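For reference, the structure discussed in these notes is given below.
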Amino acid sequence: MKFALELSDEFGPSGQEERVAALIKKELSGASLSFVSDPLGSLIAEKIGRSKGPGIILSAHMDEVGFMISHIHEDGTLSFRIIGGIDKRVLPGKTVVIGDGRVKGVIMVPPVHLSKGDDPYEAEDLRMFIGAGCLEEASERVGVGDCAVFATKACRTGERLMGKAWDDRIGCFVLTEILKKNWDINITGIFTVQEEVGLRGIQTALHHVKGEFGFAVEGTTSYEIPAEPEVSPSTWLSKGPAITAMDRASIGSPSLKKLLEEVAKKGNIPFQYKKTATGGTETKFLQQNRTGMQAICLSVPVRYIHSPAGICSEDDVKNTVLLLEKTMRLLEAKLKKVYGG
Amino acid sequence: MEPLQDILKKTSVSGHEGELGSFIMESFKKCRLKTETSKCGNIIGVKKGSSDKRKVLIDAHYDQVGLIVKKIDGPFLRIKNIGGIDYRVLPGSEVRVYGKKVLRGIFAAKPPHLLRKGETDKAISSDDLLVDTGLDEKELKDNVSPGDIVAYNVEPFTSGKYTFGSGIDNRAGALVLLKLAEFLRDHEVRDTVVLRTTVMEETGGRGAAMEEDFDIAVVIDATFAKQQGTKDDCVFNPDDGITLSYGPNYSRRLTKEIEEIAKKHGIKTQREVEESVRGTNAFRYAVLSGGHEVIGISYPMYNMHAPCEAVKSSLVDNMADMLMHFIIESSDAGRHKTEGGTR
């Protein structure tokens, strides 16, 4: 799991995922894969099997929510825009890391003694402070257009993992585990860019690959706090991988859903259904690729995604890998019958 | 490692200052000061002067604002604040929970995907502010109890000319006293100097309310830097230097003296007007026992009482320098003293 923690800590807001891609490539360097990067930056890792036909495509997105510096003020503070979806109410007082220079800073908040009212702070009124006393000092270290992410450092706590970017570095981790195994059919892992700004990376990356079945692997919403039983949980932690029957952008392949359920029941692997249909996943584009493909989303439940720190369960991660592999083995046998090998 | 960062790593939530207190005690001892811990936890280091005419007390409170576990609710902790905290900074903030073992936790924050229309227009209600340690209910109950202390968890760092971390207010002040302790280790002085790091300022200046024998007091604390969302008349630009307080709590005579001494040595100061007698340690010392002349000096800092505060690192050094010069050069004349006498 050490690699999962490293993945979460890496800097990779939407549009700037190169470091995450490099980390994944390094981790998979001994796994007999061929790598291609598409022009947007998605990393395509292919394992060529003996079986000649189309195989299975897996996708997970490398990007995380973050910020872009929009203005440097005379006093050296920085205005910023949000990349992806972040509730403005989690911003005040959080530490951030900015740009290629990894400049550290904090999202400022007025002292409690002087602040008035209790309305949430608007994101456009908030500024980052990087220890620069004026425009010139700040400009030496950061520039307009630089991206930033939360500065959270990942760790274990009990059986759980805490980190800033489980959506969707935990999916990336699951993919690397699957790609390290031996397969007789073609397995393509797509590590996509720019998912958080509208499922963009998956659309271009799919032009470069072919497959018969697809799985999107996500870190998905979980919110179990007691005050809101009607929306929580979307999923539960430690109750196994979540199968998505439907999300905002797709309906999961019924045959793959059935297969996952059967494999889980037979292998005594815990699983659950994601109970909300909010948020779109890459399943949409996997299904609509070329002449179409059966695809579904399998998710690791994560509490507090899109906030400075999320929490997921190590057991859920292991069971996601297990359920995915066992299901893929059945599909592998099926594809070998059709295409040989 | 920068000394301030070292101090900021320790926890000293009001009423629970022990972790930092023992560090301060060790540091005072290493500087061969006569040390004492008061019943409430103030750590005192004394350097005897060559004259017994005047005892100068230099105070910095070393507690920080924090949180406390109120109740365990399933796998979550309900919390309350110790000292003044704007609850709007809590969602998504990291904490350390001091149970049987130290646990990391975060304040729950609903993912945007599940927010209802208009929900973000209201601050998150304190009912929804729960700390999640990642432990399940049983493990959590085995390790944490109501009354356990919770502290912000921010790894201190330096960026630009500033040091960042939690509880800089007023652990940066405690560092000034540690620097003075080193000075007193190496120098003989005329006035007896009492370095007093005090507890529970954030809950009403209570550590400073304890009796102590001294003639004049210098109180070191944090003040507000000018930042977005503050009004100009009560905030200060850190580049303009240390603030010297003027108002009913403070001795105009002594404040002017230290202002002159700073100027002579090229240390920048600015005036801070404190018209109210708010509940700081300066107020306590002014009226403690028979009353005292008090000097208030502060470093303007950003994000006071939020999880990550920031202070211009050089201000801490400047303060220590200014006080060293004051100890050496200040006249020992006391307005309210009898000829040649001590109290």
For the range A:88-123, enumerate the residues that are farther than 21 Å from B:Lys110 by Cβ, modelled with pLDDT of 95 or more and among the charged types (D, E, K, R). A:Arg102, A:Lys104
Out of A:Lys258, A:Lys210, I need the residue that is free of Cβ contacts under 8 Å to residues at least 60 places away in the same chain and surrounded by fewer than 24 Cβ atoms within 10 Å (Cβ to Cβ). Which one? A:Lys258
Picking from B:Arg284, B:Arg335, the residue that is assigned to a loop (DSSP other than H, G, I, E, B) and at pLDDT below 95 would be B:Arg335
Please state which of the following conditions A:Lys52 fails to meet, knowing it meets all the rest: (1) assigned to a helix (DSSP H, G or I); (2) more than 20 Å from the chain's Cα centre (by Cα). (1)
Scan the range A:123-144 and report the pairs whose first residue is within 10 Å of another protein chain (Cβ to nearest Cβ) and closer than 23 Å to A:Val90 by Cα and whose second residue is open to solvent by 60 Å² or more (accessible area, probe 1.4 Å) and not hydrophobic (A, V, I, L, M, F, W, C), with Cβ atoms within less than 6 Å and a gap of 6+ or a chain change. A:Arg127/B:Gln228; A:Gly131/B:Lys161
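Of everything in the range A:83-95, what is touching a residue at least 40 places away in the same chain (Cβ under 8 Å) and at the interface with chain B (Cβ under 10 Å from one of its Cβ atoms)? Give them in sequence order.
Our first condition is that a residue be touching a residue at least 40 places away in the same chain (Cβ under 8 Å); within the range A:83-95, this holds for A:83-87, A:90, A:94-95.
A:Gly84, A:Gly85, A:Ile86, A:Asp87, A:Val90, A:Lys94, A:Thr95, listed by residue number.
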Show the residue pairs that are 6+ apart or on different chains and have beta-carbon atoms under 8 Å apart, the first residue being within the range B:119-134 and closer than 28 Å to A:Glu159 by Cα and facing chain A (nearest Cβ under 8 Å), the second being open to solvent by less than 10 Å² (accessible area, probe 1.4 Å) and of a type in the set (Lys, Arg). B:Asp132/A:Arg303
Answer from A:Gly131, A:Gly105 - the residue that is at positive phi and either touching a Leu at 6+ places or on another chain (Cβ under 7 Å) or crowded, with 24+ Cβ neighbours inside 10 Å (or both): A:Gly131
For the condition touching a helix residue (DSSP H, G or I) at 6+ places or on another chain (Cβ under 6 Å) and within 14 Å of chain A (Cβ to nearest Cβ), what is the one hit in B:Lys100, B:Lys71? B:Lys100
Matching residues in the range B:218-233 (closer than 25 Å to B:Leu175 by Cα and within 7 Å of chain A (Cβ to nearest Cβ)) number 2
Of the residues that make up the range A:178-197, is at least one under 18 Å from A:Lys94 (Cα atoms), within 14 Å of chain B (Cβ to nearest Cβ) and either of a type in the set (Gly, Ala, Ser) or open to solvent by 20 Å² or more (accessible area, probe 1.4 Å) (or both)? no
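The values are calculated or read from the model by the stated rules, or taken from the named source; none is laboratory data. Everything numeric here is computed off the predicted structure, so don't read it as measured data. We place every Cβ from the backbone using ideal geometry, glycine too, and count neighbours over all the protein chains shown. Quick note on the areas: whole protein, heavy atoms, side chains included, nothing else; ligands and nucleic acids left out. Shrake-Rupley method; radii C 1.70, N 1.55, O 1.52, S 1.80 Å.
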